[in-house]
Structures are given as C-alpha cells and as structure tokens.
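Trainee: Dumping the structure here so I can ask a few things about it.
Since every read-out is calculated from the coordinates, none of them should be taken as a lab result. Note that the structure is a prediction, hence the values are computed from the model and not measured. All Cβ positions, glycine included, derive from the backbone under ideal geometry; neighbour counts span all protein chains shown.
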C-alpha cells in the first residue's frame, strides 16, 4: 500500500478551484519533487497534504501506519521566523512535541532523538547558538533536524533551498539525498528549480495547465519538461 495517496483532488479557496482531478501516490522510499509555475497550486497542495486545508473534492489517504501528525515539515521561512530568539537546541527539540502526548516536558527519548538528528546534519556544535544569529544554510539545517524529530517516515519540504547561495544549495540537496537514500526517509519537496528536481528526485509531479506524474527519467524525456531543461545555448542541461 502506498505511504500516501491522493485521489481525484480538486484544490482551491472559497469554492474556486485552482487545480482539478489530481491523482498520484507516493511509496515508502520515494523522493517526489512538485514543480510548476507560480500560482499553479503547489503550496495549496502542500497544505492539503499536511491537513491544514481541506480539498474541495477528493481525498488524501495515508498507509503503512503513517498518521498525519507524524509528518516532518520544513516550511518556507518568513522574516519573523528567521529572527526567532531561541537556541538551536530549543528549535530542534521542539520538533518532538507531537510525539510527547500529554507529557508536559521533554523526556530522555526526545532529547536523544534531537541530539541524533543534530549530529546527522552536522550542527551539534551550534547547539547553544541563538537561531537568529545563524547563516541561512545553518538555519535550514536546524529546521531540517527539527522536521526529522517529528518523523521517521515522511518529510515535506517547501522550497528548502530558497535564498541560499549555490554552494549551500548543493550542500542542502546532498543532505536531503542522503536522508532519502541512506536513511530511507520518504521526501516530498516543492521546488521552483525544475532542472534540480529532475536531477535529484525519483519522481516528479508537474502541475499547471498540463499535469505530469511519473519517474524523473520519464519526466526528463517529456515534452512538458523540455523547455525547463534547456541551457541558454539550447543544449540539454
């Protein structure tokens, strides 16, 4: 059974549809990139997968024992979030809140998990640093560690490299790739970088006037992808 299935989704606001009859599924271990033009419904779809917005029609179903509160989420950052006055340790540990139940304090297990995820992402030495004093790349690593504290199965990432320089962008892609391929974490990522999506992902969902869902290999060969995968000289990227 797929980890996540979307069946005949129609998405929109106040009865106005922006995306209709969308169906796709994500299996354990997949790395799905969601791409498309601005206003095509990418962020609305992400909110729907997180249960923050109800579809106008259709359904989102979870399998393999996954519950909606066990999804790790890395949102796009706002200016206020970048200026959050907490330590890196506090930010990462807060990702454990959904697994605490009614317990009013963090237990040994949550603290161990936070330490493990900070080590995975190479930010242990930043533990006592104030989050707002970090570079953009360091902040994204902290938020990714936080998201990992919420899940062992599924990460939803909304433009995780937005605003990062090329070197840090490549480092972030490498981290996500390792979490997917070595740690077995299923990834769904919104990206505006179609070429990177086609290169990094196992599957691509392209939404807009036309819709494509399939393997990255099939997407790279499709007519829909071709305009996005051409270098300035006209040669494929």
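Trainee: Being touching a residue at least 60 places away in the same chain (Cβ under 8 Å) and assigned to a strand (DSSP E or B) is the filter; apply it to region 1-20 and report the residue that is surrounded by the most Cβ atoms within 10 Å (Cβ to Cβ).
Mentor: Within region 1-20, the first condition is being touching a residue at least 60 places away in the same chain (Cβ under 8 Å), and the residues that meet it are 1-4, 19.
Adding the requirement that they be assigned to a strand (DSSP E or B) leaves 4, 19.
Values: 4: 24, 19: 21.
Restricting to residues being touching a residue at least 60 places away in the same chain (Cβ under 8 Å) and assigned to a strand (DSSP E or B), the top hit is 4.
Trainee: Are any residues in region 21-31 touching a residue at least 40 places away in the same chain (Cβ under 8 Å) and buried (at least 16 other Cβ atoms within 10 Å of the Cβ), and if so, which ones?
Mentor: Result: 22, 24, 26, 27, 28, 30, 31.
Trainee: For region 21-43, name all the residues that are over 18 Å from residue 204 (Cβ atoms) and not in a loop (DSSP other than H, G, I, E, B).
Mentor: Of everything in region 21-43, just one residue is over 18 Å from residue 204 (Cβ atoms) and not in a loop (DSSP other than H, G, I, E, B), namely 21.
Trainee: So the check is Cβ under 9 Å with 6+ separation or different chains; which pairs have a first residue in region 113-128 that's without any contact (Cβ under 8 Å) to a residue 24 or more places away in the chain and on the phi > 0 side of the Ramachandran plot and a second one that's assigned to a helix (DSSP H, G or I) and crowded, with 16+ Cβ neighbours inside 10 Å?
Mentor: 122/141; 122/175
Trainee: Okay, moving on. For region 122-145, how many residues are under 16 Å from residue 183 (Cα atoms) and either touching a strand residue (DSSP E or B) at 6+ places or on another chain (Cβ under 9 Å) or surrounded by fewer than 23 Cβ atoms within 10 Å (Cβ to Cβ) (or both)?
Mentor: Residues in region 122-145 being under 16 Å from residue 183 (Cα atoms) and either touching a strand residue (DSSP E or B) at 6+ places or on another chain (Cβ under 9 Å) or surrounded by fewer than 23 Cβ atoms within 10 Å (Cβ to Cβ) (or both): 2 in total.
Trainee: Which ones in region 105-130 are out of contact with any helix residue (DSSP H, G or I) (no Cβ under 8 Å at 6 or more places or on another chain) and part of a helix (DSSP H, G or I)?
Mentor: Those that are out of contact with any helix residue (DSSP H, G or I) (no Cβ under 8 Å at 6 or more places or on another chain) and part of a helix (DSSP H, G or I): 108, 109, 112, 116, 119, 125.
Trainee: Please find, within region 188-201, the residue that is nearest to residue 75 (Cα to Cα) out of those that are more than 14 Å from the chain's Cα centre (by Cα) and either buried (at least 20 other Cβ atoms within 10 Å of the Cβ) or free of Cβ contacts under 8 Å to residues at least 12 places away in the same chain (or both).
Mentor: Restricting to residues being more than 14 Å from the chain's Cα centre (by Cα) and either buried (at least 20 other Cβ atoms within 10 Å of the Cβ) or free of Cβ contacts under 8 Å to residues at least 12 places away in the same chain (or both), the top hit is 194.
Trainee: Can you name every residue in region 213-231 that is surrounded by 18 or more Cβ atoms within 10 Å (Cβ to Cβ) and within 16 Å of residue 30 (Cβ to Cβ)?
Mentor: 213, 216, 219
Trainee: Would you point out which residue out of 211, 185, 204, 167 is within 15 Å of the chain's Cα centre (by Cα) and either free of Cβ contacts under 8 Å to residues at least 24 places away in the same chain or within 17 Å of residue 224 (Cβ to Cβ) (or both)?
Mentor: Just a single option satisfies the conditions, and that option is 204.
Trainee: Taking residue 133, is it without any contact (Cβ under 8 Å) to a residue 12 or more places away in the chain and either over 24 Å from residue 65 (Cα atoms) or in contact with a helix residue (DSSP H, G or I) (Cβ under 8 Å, 6 or more places away or on another chain) (or both)?
Mentor: yes
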